[in-house]
1. Could the peptides B:50-57, B:101-108 be put in order, highest first, of the mean number of other beta-carbon atoms found within 10 Å of their residues?
2. Mind checking the mean number of beta-carbon atoms from other chains within 10 Å of the Cβ atoms in B:68-75?
3. Which of the aspartates and glutamates could be linked to A:Lys94 by a straight reach, that is with a Cα gap under 17 Å, when you skip same-chain ones fewer than 8 residues away?
4. Residue by residue through A:5-16, how many Cβ atoms from other chains fall within 10 Å of the Cβ on average?
5. Let me know the mean shielding of A:78-89 by other chains, meaning the per-residue number of their Cβ atoms within 10 Å of its Cβ.
6. Between segment B:44-58 and segment A:39-99, what's the alpha-carbon centroid distance in Å?
7. In debye, nearest 20, what is the charge dipole magnitude of the protein assembly as shown about its Cα centre with +1 on Lys and Arg Cβ and -1 on Asp and Glu Cβ, if you could check?
8. Under 15 Å from the Cβ of A:Leu6, count the other residues' Cβ atoms, weight Lys and Arg +1, Asp and Glu -1, and hand me the total.
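No value in this document is a laboratory result; all are computed from the given coordinates. Note that the structure is a prediction, hence the values are computed from the model and not measured. Every residue, glycine as well, gets a Cβ built from its backbone with ideal geometry; the counts of neighbours run over all protein chains shown.
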2 protein chains.
Amino acid sequence: MKIGELSRATGTNIETIRYYERIGLLPAPARTAANYRSYGEAHRARLSFVRHSRDLGFTIEEIRSLLDLSDDPARDCTDADRIASRHLAQVEAKIAQLTTLRDELARIVGRCRGGAAADCRVIEALGDHRHCESAH
Amino acid sequence: MKIGELSRATGTNIETIRYYERIGLLPAPARTAANYRSYGEAHRARLSFVRHSRDLGFTIEEIRSLLDLSDDPARDCTDADRIASRHLAQVEAKIAQLTTLRDELARIVGRCRGGAAADCRVIEALGDHRHCESAH
DNA sequence: GCTTGACCCTGTAGTTGATACAGGGTGCAT
DNA sequence: ATGCACCCTGTATCAACTACAGGGTCAAGC
């Protein structure tokens, strides 16, 4: 499989595949006589793993750890669970933070009555960090 | 006010303040005889505006637009409202995306029964993109 | 008067996770 | 033989900072 085929097979940009190889996330594949990269099924599976993990928001370093684990079938699986749990906690924290932020934004937008920027409530709200309290 | 005081007054890293000046988000302040930056109340207010907007997730370019608007009191305020509304929509989209992602992660974690990585459900779930369907 | 430490300066490089060329080589069809 | 799609390496760019290196300034204490 050439890089373009692997790209289509996994929905990954060609440049991204080369990037993953460069940072050591994917092993360097064999080369053809013309120096083209030649991939097999194992590469495809590994790249799918990486893409799916990235879609779930794992960082490259987390994925590296997960790959190390799966490369060594004797190792304890609880490590993988710990990485995933910690990531889940981070995602939940991010959702909580964005929800707070959304509430504040929702309070700000829609205040505009089409007047001049001089009395714009939106700009005013952004400038004054205490508008939350003063709103109560 | 020297840069360290402005930093403490706004909770902004000193390097970040200089960065904002470099990219033209904050005006270059007057200098003392020793070439130290000397800030006034207007600078503090502007930086607070920037920080608050950044905390709400606005990009630098969005903040630049908002600042342009507030610098020109004659301009129509609906522009500010439009920027904020679009941003609110983006935040809501991000929350929705993260919520989906959290559900998938929650399904994955806790499956580990302390066995070897060879039969790790976590690693398995990450490798197989179709585990969602196969779970049903 | 001299040192110590806190502060300030400029300029450059690093971070994450890619993406976008520039400038060239390969392979196949017409 | 000449397009055209595809591949190669290497470097630069993005956002929004952060982190030095290598130096200058200032007030306090000995």
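1. On the way: B:50-57: 19.1, B:101-108: 17.2.
Descending packing order for the listed peptides: B:50-57, B:101-108.
2. Other-chain Cβ atoms within 10 Å of each residue's Cβ, averaged: 4.
3. Output for A:Lys94: A:Asp55, A:Asp103, A:Glu104, B:Asp55, B:Glu92, B:Asp103, B:Glu104.
4. On the way: counts 0, 0, 0, 0, 0, 1, 1, 0, 0, 0, 0, 0.
Across A:5-16, the average partner-chain Cβ count within 10 Å equals 0.
5. Per residue, the average neighbour count from other chains is 6.
6. 34
7. It comes to approximately 460 debye.
8. Values: positive: A:Lys2, A:Arg8, A:Arg18, A:Arg31, A:Arg37, A:Arg44, A:Arg46, A:Arg51; negative: A:Glu5, A:Glu15, A:Glu21, A:Glu41.
My count for the surroundings of A:Leu6 gives +4.
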